[in-house]
Amino acid sequence: MAASAVRVICTTLLIEKSPQALPLGAACIASAVKNCSELAGAVDVSLKAFCLEDEEFPNERNAATKYIAEKLIEYAGGTESSGNAIFCFSCFVWNISLLEASAKKLREKGFVCIAGGPEITAHPSFYKGFDYTVSGEGEISVPQLISQIIGKSEKSDKVIISPIPDLSLIHSPYLGGIIDPSEYEGALWELARGCPYKCAYCYESKGQKTVRMFPMERIKAELDLFAKKKVPQVFVLDPTYNVNKKRAAELLKLIASKTPDTFYYFEARAELIDRELAREFTRIPCALQIGLQSANVDVLRLVNRPFDKKKFCHGLSILNEEGVTFGLDLIYGLPGETFGSFRDGIDFAISQYPNNLEIFCLSVLPGTDLFDRADGLGLIYEKEPPYHVIKTKELSVDDMKRAEKLSKACTCFYNSGRAVPWFNSVCRLLKFKPSKIFELFYEKYTDFCQQLSSQCGHENHEAIEKIQLDFLRELCRSKNMQRYYPALEDIVKFYGAISRTTDTGKSETLSLNYDAEYVASDYASDIRYFVENLRPKKCRIQTFMNKSGVDFRYIK
Ligand code: SF4
C-alpha cells in the first residue's frame, strides 16, 4: 500500500453470523474497488462487518451507533485525518437505521460515507445521513465515485443511479480473497442477477426482466475454491435457479463432480420442475425452497405472480417421488387475501408434504410496484423498516395477529418439530385441517411457540417431540380416539429418532408399541388402517448410521 493510500472500508451490520447472513454485498463492492485500475495504489480496501450477535455489540441503540462509528475509525487506523478514510455502507431494511445513525457520527468528524444496497436502491433520495447514496448494483459507480472523491476533481451528484455492470467483467470476492467462506461455515453463491418474474412486492418488480448469468469460468473457479476450503453448505443466490433448465442441469453435474459433500440450498420454481431435472437434484445433498406465497389465484394475480396450480402440484409430486427435499413459502397480508383464504393456503401447502413451511408477513417495500399501488389496494403498513402490513381491506389487525400466531405454531410444531413424515396422516386421522391443528397448538403452547421462532437443531427436537406427543394425546382424547394414540406415538418417535440420527450420526434406542417394520412402512401413512389391521407387538430398536444412510436394528 502506498504511504498516502486512502483506506476504503466496506461495511454492513449482520443479524447473525451464518452463511445466509454473510456480507456479500459489501464484499462485492470491496472487490470492485480493489480491482479498479484507476484506484491502483491509491486505496487500501478492506471489509469489516458487524454482527448483532457479537458479544461486545451493544444492545442499546445510541451505544450501538457509537460503537460502530468508533470501531470503523479504529479499523481506518485512528483519527489522524478524516481525509484518509472512506466508508461504504451496505444497507438493508433491518440495518439502515443503525448504519445511517453511525454514518452521521462519522460525517461529524469529516469522514466520507457512501451507502448502497437494497434499502438505498429502493429510495436513494430518502436517506440524508450519508454523503452519497448509490442505487442499483454498485460495482461500476462506487469505484468511480471514490476516484472522484480522492481526486477532488469532479463534483459528483449526491444520489447516483448505478449503471448495470457486465457480469463477465466483475471480480469474485471469494476468488480475490475479500471474503473467506470458512469464516462463515458456508457461502452465499451468486450465479445470476435479475429475475424473469415481476412480483409486485419484490425489489425486482421494477427491475429489468432479464436474467444475467455469471460466466461459467468464474462459477467453476468458485466451486474449486469451495472444494479446497471444504465449505459445508452453500446458499445459491438465483431467485429462480431452474428458469433455464439446461444450465441448471449442467451446473448440478458440475457441483456433483467438484463438491459432492457440500449441502446446497436453491430457490426454484415448482412449475418448471420435470423428472429429468429432479433426478439431477438427487445427485447432490440439497434442498429447494419454493415460493407459493398464496394458494389463491386471484390474490396472486393482484401481485403479478403467475400461478398454475396443476403444474405447481405436478412439479412438487415429482420432487416427492424422486426424494428431493423442498420447503414452501407463504405470505400473509397480501391484497385480496382473506383470513379464510390464507388458512386454505396453509392447508394446501401442507398437503404437498413440504419439509418446511415458512410463513412471512408481507412487507410493503419502498421502490416496489406494490408500494406504488398500496393505497389503492387498501394496504395499511408500517412507514419504517421492516414495513410490515398492519391491516388490509380484507384482514383486520386482529386477523393479522391470528395469521402471525399460525405462522409461529407452524414453525414450532411442523418445521422445528420435523413433522413432515406424519403430519398429514395425523390430520386425516383426527379430521382436522393443518391450520386448525396449528391454531389449537398455539392456544395450548403460546409461550413455547413465541420463544421458538426459528428452526432448531437436534438438541431442541427431543423437547419439541415431547410436547407434540402430549398435545396429540390430548387431541386423541378430545375426539375419543385414544386407541389410535399408541400407533401415533410410535410413528412420531420413530421418525424423530431417524431424523436426529441423520443429523448427528448418533444411535438412539426406542421402545415401540408396534413392530418397527410396520411403523417404518407405508401402513403408517394411514393410521386408522394401521390400528385396525395390525396387532400391537412391543419391541426395542436402535437407530444407526451406515453408508447408505440411517437404518435401525432390533435389540433386546
Ligand atoms: S419474488 Fe422471486 S420470483 Fe418474484 S420477482 Fe422477486 S425474485 Fe423474482
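Of everything in the stretch 127-138, what is surrounded by fewer than 24 Cβ atoms within 10 Å (Cβ to Cβ) and within 14 Å of residue 158 (Cα to Cα)? Give them in sequence order.
127, 128, 129, 131, 135
Of everything in the stretch 1-48, what is touching a Leu at 6+ places or on another chain (Cβ under 8 Å), within 18 Å of residue 75 (Cβ to Cβ) and open to solvent by 40 Å² or more (accessible area, probe 1.4 Å)? Give them in sequence order.
The answer is 48, and nothing else.
Among the residues that make up the stretch 224-233, is at least one of them open to solvent by 30 Å² or more (accessible area, probe 1.4 Å) and within 11 Å of the ligand (Cβ to nearest atom)?
No; the residues of the stretch 224-233 include none that is open to solvent by 30 Å² or more (accessible area, probe 1.4 Å) and within 11 Å of the ligand (Cβ to nearest atom).
Could you look through the stretch 247-299, keep only residues that are of a type in the set (Asp, Glu) and more than 27 Å from residue 548 (Cβ to Cβ), and pick out the one that is least open to solvent (accessible area, probe 1.4 Å)? Explain how you work it out, then say what you get.
Taking the stretch 247-299 as the starting set, the residues that turn out to be of a type in the set (Asp, Glu) are 250, 261, 267, 271, 274, 276, 280, 298.
Next, only the ones that are more than 27 Å from residue 548 (Cβ to Cβ) stay: 250, 267, 271, 298.
On the way: 250: 95, 267: 83, 271: 41, 298: 94 Å².
For the stretch 247-299, the residue satisfying everything is 271.
Which of the residues that make up the stretch 191-210 are part of a helix (DSSP H, G or I), under 19 Å from the mean Cα position of the chain (by Cα) and of a type in the set (D, E, K, R)?
204 - this is the single residue of the stretch 191-210 that is part of a helix (DSSP H, G or I), under 19 Å from the mean Cα position of the chain (by Cα) and of a type in the set (D, E, K, R).
Hey, can you tell me all the residues within the stretch 426-455 that are in contact (Cβ under 8 Å) with a residue 60 or more places away in the chain, of a type in the set (Lys, Arg) and not in a helix (DSSP H, G or I)? Before you say what the answer is, go through the steps one by one.
Taking the stretch 426-455 as the starting set, the residues that turn out to be in contact (Cβ under 8 Å) with a residue 60 or more places away in the chain are 426-429, 433-435, 438, 455.
Keeping just the survivors that are of a type in the set (Lys, Arg) gives 428, 433.
433 - this is the single residue of the stretch 426-455 that is in contact (Cβ under 8 Å) with a residue 60 or more places away in the chain, of a type in the set (Lys, Arg) and not in a helix (DSSP H, G or I).
Which pairs turn up if I take residues in the stretch 289-308 that are over 17 Å from residue 326 (Cβ atoms) and look for partners that are at pLDDT 95 or above and of a type in the set (Gly, Ala, Ser) with beta carbon separation below 6 Å, at least 6 apart in sequence or on another chain?
So the pair list comes out as 294/345; 296/341; 298/336; 299/336; 300/294; 302/336; 303/200; 304/200.
Could you name every one of the strands (runs of 3 or more DSSP E) located completely within the stretch 460-556 that has at least 3 residues being open to solvent by 30 Å² or more (accessible area, probe 1.4 Å) and out of contact with any helix residue (DSSP H, G or I) (no Cβ under 6 Å at 6 or more places or on another chain)? Walk me through it before giving the result.
Details: elements: 509-512, 539-546, 549-555.
The strands (runs of 3 or more DSSP E) meeting that bar are 539-546, 549-555.
Yes/no per residue for (1) under 18 Å from residue 366 (Cβ atoms); (2) within 16 Å of the ligand (Cβ to nearest atom); (3) crowded, with 16+ Cβ neighbours inside 10 Å; (4) modelled with pLDDT under 95:
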position	(1), (2), (3), (4)
120	yes, no, yes, yes
125	yes, no, no, yes
167	no, no, yes, no
177	no, no, no, no
188	no, yes, yes, no
197	no, yes, yes, yes
200	yes, yes, yes, no
216	no, no, no, no
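Can we say residue 75 is touching a residue at least 40 places away in the same chain (Cβ under 8 Å), of a type in the set (Ser, Thr, Tyr) and surrounded by 15 or more Cβ atoms within 10 Å (Cβ to Cβ)?
Numbers: touching a residue at least 40 places away in the same chain (Cβ under 8 Å): yes; of a type in the set (Ser, Thr, Tyr): yes; surrounded by 15 or more Cβ atoms within 10 Å (Cβ to Cβ): yes.
When the stated conditions are applied, residue 75 passes them.
Go through (1) more than 16 Å from the ligand (Cβ to nearest atom); (2) hydroxyl-bearing (Ser, Thr, Tyr); (3) surrounded by 18 or more Cβ atoms within 10 Å (Cβ to Cβ) one by one and return the number of the condition residue 205 breaks.
Going through (1) more than 16 Å from the ligand (Cβ to nearest atom); (2) hydroxyl-bearing (Ser, Thr, Tyr); (3) surrounded by 18 or more Cβ atoms within 10 Å (Cβ to Cβ) one by one, residue 205 breaks only (1).
The values are calculated or read from the model by the stated rules, or taken from the named source; none is laboratory data. Computed from a predicted structure; not experimentally measured. A quick note on method: Cβ atoms are made from the backbone with ideal geometry, for glycine too, and the neighbour counts reach across all protein chains shown. Keep in mind that these areas ignore ligands, DNA and RNA; they rest on the heavy atoms of the full protein, side chains included. Shrake-Rupley method; radii C 1.70, N 1.55, O 1.52, S 1.80 Å.
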